[in-house]
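Notes follow the structure.
Every number in this text was worked out from the coordinates using simple rules, so none of it is lab data. Predicted model only: the values in this text are computed from it and were never measured. No Cβ is skipped: glycine too gets one built from the backbone with ideal geometry, and neighbour counts run over all protein chains shown.
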Amino acid sequence: MEFIGGKLLQVVIALAVFAAIIGLIMLVVDKAPKSSKDKLTVIGFLAPAAILMLVGLVYPAIQTSFFAFTDAKGQPNGVDNFVWMFTQPEALVTLRNTIVWTVLVPLLSTGFGLAYAVFIDKARGEKVLKALVFMPMAISFVGAGIIWKLVYDYRGPGIEQTGVLNFLRVALGMQPKQFLLDAPENTIFLIIVMVWIQTGFAMVVLSAAIKGVPTELVEAARLDGANPWQQFRNVTVPGIRGALVVVLTTITIATLKVFDIVRTMTAGNYDTSVVANEMYTQAFRAGEPGRGAALALVLFLLVLPIVVYNARVLRQQREIR
Amino acid sequence: MNNRNYLLPVATVGVLALSLTACSGSTGGTGNSGSAADTDCAAYSSYGKHDGKTVSVYSTIVDIEATNLEAAWAPFEKCTGITVKYEGSKEFETQIGVRAKAGNAPDVAIFPQPGLMADQARAGNLKEAPKAVSDLVDKNWSADWKKYGTVDGKFYTAPMLANVKGYVWYAPKTFKDKGWEVPKTWDEMLTLSKKIADDKAMKPWCAGFESGEATGWPGTDWIEDVVLRAEGPEVYDQWVSHQIPFNDSKIVSAFDKTGEILLNQDFVNGGFGDVRSILTTGFAQAGQPVLDGQCAMHHQANFQAANWPQGTVVAPDGDVWAFMTPPIDPSRGESITGGGEMVGAYKDTPEVQAYLAYMASADFANNRVKLGGVISANKGLDPNNAQSELDKQSVKLLQDPKTVFRFDGSDLMPGAVGSNSFWKGIVTWINGTPSQQVADTIESSWPKS
C-alpha cells in the first residue's frame, strides 16, 4: 500500500506546484503596472496554452518528421521509408484504399445526409426521423465496427447463420457470403460503416442550414414558377454552400484518419488496410517506427490542404457577413 | 470578486495534472508473508541471512497470477529476511527498456520471452547469472532450456514457468462411441481425419485464427509444430534465427503439410463453415464445436483449458481431453513447442543472487505449481503438485529427458516478422494464397542487417 500512498502524494504535490505557479503568474499579471498591463495579460493567459501546445503538439510533430527519415534502429536512412511506401505492393494497397475511402465516404455521407435533410424538412415527425439517422453518430467507431462485424458474420451453408445479412441471403435462397475476406469489395463493406456513422452528422448540419435559407427567396422562386428541383438547385444549394463545405471537409479529414473501423473489423488484413492503420501497425507492432512516422507525415500532408481550404472558406464567409 | 479569476485556470491545470499522473502506471504491493508462518526454514538456510535487504522484481504478471507468485516466494522472504518488492505491469515489454536506459532498472526482471531478454543482455544491462544459478539450471532443466537463457555464449537467465503448445483437443466420449483411436503419428492423424470426414457425422477439425489485430497467430503455432516435427530441432533453430530463409523449401513444405489439414475443405471447419471461415472465427470460440459434436479435433496450447465453458471437465474420461500433436517422424521421439518466462538480474548483490538461486530451485517450482494454474519444466518439480490432469501430463512431457523442447518460434523472430508479417502471412495463406508466395512475402519482410 505504501506504493499507492506514495503515488497519491506525488499527485497532490504535482497539483499544488502547478496550481501555485499558475496562480503566481495570474497574480503578477494582475498586479502589473497599468502601462504594460494589456500586454502582460495577453501573455499571461496565452503562455500556458502555448507551452502545452509546444510540448504536446509541435515538439512531437517535429520529432516525428525526423523519425520519418530513420530506420528501425534509429539511424538516418534518407528517403528509404518513402521509397518503401511507394513501391511495396502492401503499402501501395494501403494508399489506394485511403484514396477510395476519402473519395467515397464524404460524397456518400453528404449526399445521403443532404437528400434526407431535404425530404424530411418540415415533414411530420421530423424530430424522430432526424434522431433515427443521427443515432449512429453517438456510437464510437470501435463499437460500430463490432456491431457491423456481427452484421457481416458468416457461417457455412447448412449451419445456422449468426449474421443478419447472411441470414437474409440464406432466407432468399442465396449462398452465404464472406463479406470481409474478398478484396476489393470488402473495402466497400467497411466504407458502409463509416457512411452509416457520418450521414447523421451531415444530415443535422445541413438540415439546420436549410432552415436558415430565407423563406422570401424560396417563395420568390416558387412564384417565378421554379419546379422543386430548380428550387433546390438554384436556391437551397447556394444558400447552404458554406455548410456543405464544412460538412465535406470535416468528413474528409475524419475519413483520412480512419483507423478504428479497419482495426476492429479486419485489422488491416485482406487488403483493407489504410494509412492510419498501417502507421500504427508499422510503428508499434512491426518495430519500424521510421516507416510509421513516414506514413504519419504523408497523412499530415494529405490533411493539410483540406484544413487550409476549410479555413479559407470560413474566412470568406465571415467577410461576406 | 477578484478571486474567481484564479479558479478556472487552477481547476484546468488540476485536471491536466491529474490526467498526466494517471498515466504513470500501477504498482503492486509488497510481498505478503502471511502463509509462511509455519515454514520450516532448514531448507532455506543455503540462501543465507539478508535481514532488512530488499529485492525489486518487475514482470508482466498481474492479478491472481501475481498474488500466487508472491505467495510462492513468501517462505523464502521469511527465512532469509529479504523483502521482495514486486511490481507487475502489462506495459513491461516497452517499459523495461526505457527503465534500464534511464538507470531506473529493477533488481530483477522476469522476461516473458527470450528475444527481449537477449536485447537487454546485448545492451550490457543484464548481469551474467552467478555460478550457483547456472549449476542449478544445469541440474534442473534440459540443455534446450538453458540455451534460451544464453546470449553470445554467456548465460544470463534461468527459466521460471512454462506453457506447452501443440495440444490437440478432443471429446473422449465421441472417440469412444465412434471407435476412433488417439493417433500416434502424423500419418495416423491424417488417416483418422479421413475416416472422420468419410463418416460424415462431423468435420474432423475446427480452427479459429481471429484475434483482433493479432489474427493469424494460432496458425503460426501450427506451422511451428510441423517444422519442428518434420524437419527436426536443427532446422527449426536455423529457421527461427534466419540462418535459412523463411522461403526455404523445407519451410514451404511444412506449410503444405499443414495445409493437408487446414486447407482441406473436407477436414475443416467443423461448426463454422469452409476453410476461410477459420479467419473469421475467434480463437477462444473455435474449440466449442468439439463439445457440441460438430467437430472432432481442435489444435491449441494448454491454456485452451481455460477457454472451455464453465463446468467442462478436462480429463481423460471427461468432456474434453488433449493429446500432443504426434511426431511426423516417429524415430525422432516427442518434440514440443511452448513458452516460458526467464528470470534475469540487473544487479549482483548477495540478496539478488540468493533470490535468483531460489527462483531456479525445485522448491520454488513446487511452491508455485502447488497453487495451481501453471506448470514448470523444472525437473525437481513433483508432477503430483500440478493441480489438473492436463498439467500433470504437461509436466511429465516437459520433464521427459527424451522430449525435445523448442520455444515458440514467432516469439523469437524479430517483431516485424514474429508479430506482424508471419501473422499476416497465415491470413493470406488461409485466404487462398499459395504457400511459396506466402513464404516469399514473409522472407522479404525480414529486417535486413
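Between the residues A:Gly173, A:Tyr154, A:Ala131, the greatest Cα displacement towards the positive end of the dipole of chain A, with unit charges on the Cβ of Lys, Arg, Asp and Glu, is found for A:Ala131. In this structure the amide hydrogen of B:Leu161, modeled in the peptide plane, comes within under 5 Å of the amide hydrogens of B:Glu341, none closer than 5 places in sequence on its chain. Summarising the label geometry, the points placed 7 Å from Cα in the beta-carbon direction at B:Ala143 and B:Ala284 lie 4.2 nm from one another. In this simple spin-label approximation, A:Arg318 and A:Phe284 carry label points 7 Å from Cα along the Cα→Cβ vector, and these lie 3.6 nm apart.
Summary value for chain B: 22 percent relative contact order, contacts being C-alpha pairs under 8 angstrom separated by 6+ residues. In this label model, B:Glu334 and A:Glu216 are separated by 9.3 nm, measuring between points 7 Å along each Cα→Cβ vector.
Using just the helices of chain B, give the 222 nm mean residue ellipticity in deg cm²/dmol: DSSP H runs with n ≥ 4 each add -39,500 (n - 2.57), and the total is spread over all residues, rounded to 500.
After summing the helix terms and dividing by the residues of chain B, the value is -12500 deg cm²/dmol.
Shape class for chain B: prolate, because the ratio a/c of the largest to smallest gyration tensor axis (alpha-carbon atoms, square roots of eigenvalues) is 1.5 or more and a/b beats b/c. Using 0.36 nm per residue and subtracting the Cα-Cα separation, the extra length available between A:Ile51 and A:Gln88 on full extension is 9.3 nm. Annotation: lysines with alpha-carbon distance below 23 angstrom to B:Lys139 (same-chain offsets under eight excluded): B:Lys127, B:Lys131, B:Lys147, B:Lys154, B:Lys370, B:Lys379, B:Lys392, B:Lys396, B:Lys402. Cross-link partners for A:Lys39 among the lysines, with Cα-Cα distance under 26 Å and sequence neighbours closer than 8 places in the same chain left out: A:Lys31. Distance from the Cα centroid of the range A:50-118 to that of the range A:182-247 is 29 Å (rounded to whole angstrom). Ordering A:Leu206, A:Leu52, B:Leu371 by the number of other Cβ atoms within 10 Å of each residue's own Cβ, fewest first, gives A:Leu52, B:Leu371, A:Leu206.
Between B:Asn384 and B:Ser249, the FRET efficiency from the beta-carbon distance, with R0 = 45 Å, is close to 0.50. Placing unit charges on the Cβ atoms only, positive for Lys and Arg and negative for Asp and Glu, gives chain B a dipole magnitude near 660 debye about its Cα centre.
Of all DSSP bridge pairs formed entirely within the protein assembly as shown, close to 55 percent run antiparallel. Positive-end ranking of B:Gly97, B:Gln399, B:Ser249 along the dipole of chain B, with charges on Cβ about the Cα centre, is headed by B:Gly97.
Only helical runs count toward this figure. For chain A, summing -39,500 (n - 2.57) over DSSP H runs of n ≥ 4 and dividing by all residues gives -23500 deg cm²/dmol at 222 nm.
Dipole magnitude for the protein assembly as shown: computed about the Cα centre from +1 point charges on Lys and Arg Cβ and -1 point charges on Asp and Glu Cβ, it is near 2920 debye. Of the residues B:Lys200, B:Lys85, the one with the fewest other Cβ atoms within 10 Å heads the list, and the complete ranking is B:Lys200, B:Lys85.
Determine the alpha carbon to alpha carbon distance for each of A:Lys7/B:Lys165; A:Lys149/B:Lys90; B:Lys184/B:Lys448; B:Lys90/B:Lys165; A:Lys130/A:Lys257; A:Lys257/B:Lys85 and list only those over 31 Å.
Check vs 31 Å cut-off fails for A:Lys7/B:Lys165; B:Lys184/B:Lys448; A:Lys257/B:Lys85.
Rounded to whole numbers, the Karplus 3J(HN,Hα) couplings from phi for the range A:141-148 are 4, 5, x, 4, x, 5, 4, 6 Hz, using 6.51 cos²θ - 1.76 cosθ + 1.60 with θ = phi - 60°, and x at Gly and Pro. For the range A:266-306 versus the range B:278-299, the spacing of their alpha-carbon centroids is 34 Å. Among B:His299, B:His50, B:His242, the order by Cβ neighbours within 10 angstrom, fewest to most, reads B:His242, B:His50, B:His299. Note on the range A:2-67: dipole from Cβ charges, positive end direction compared against A:Thr41, A:Gly6, A:Met26; the farthest Cα belongs to A:Thr41. Look at the stretch A:13-22: the mean tally of other chain Cβ atoms within 10 Å of its residues' Cβ atoms is 4.
At a Förster radius of 51 Å, what calculated FRET efficiency corresponds to the Cβ-Cβ distance of A:Asp30 and A:Ala115, to the nearest 0.05?
Once rounded, the FRET efficiency stands at 0.40.
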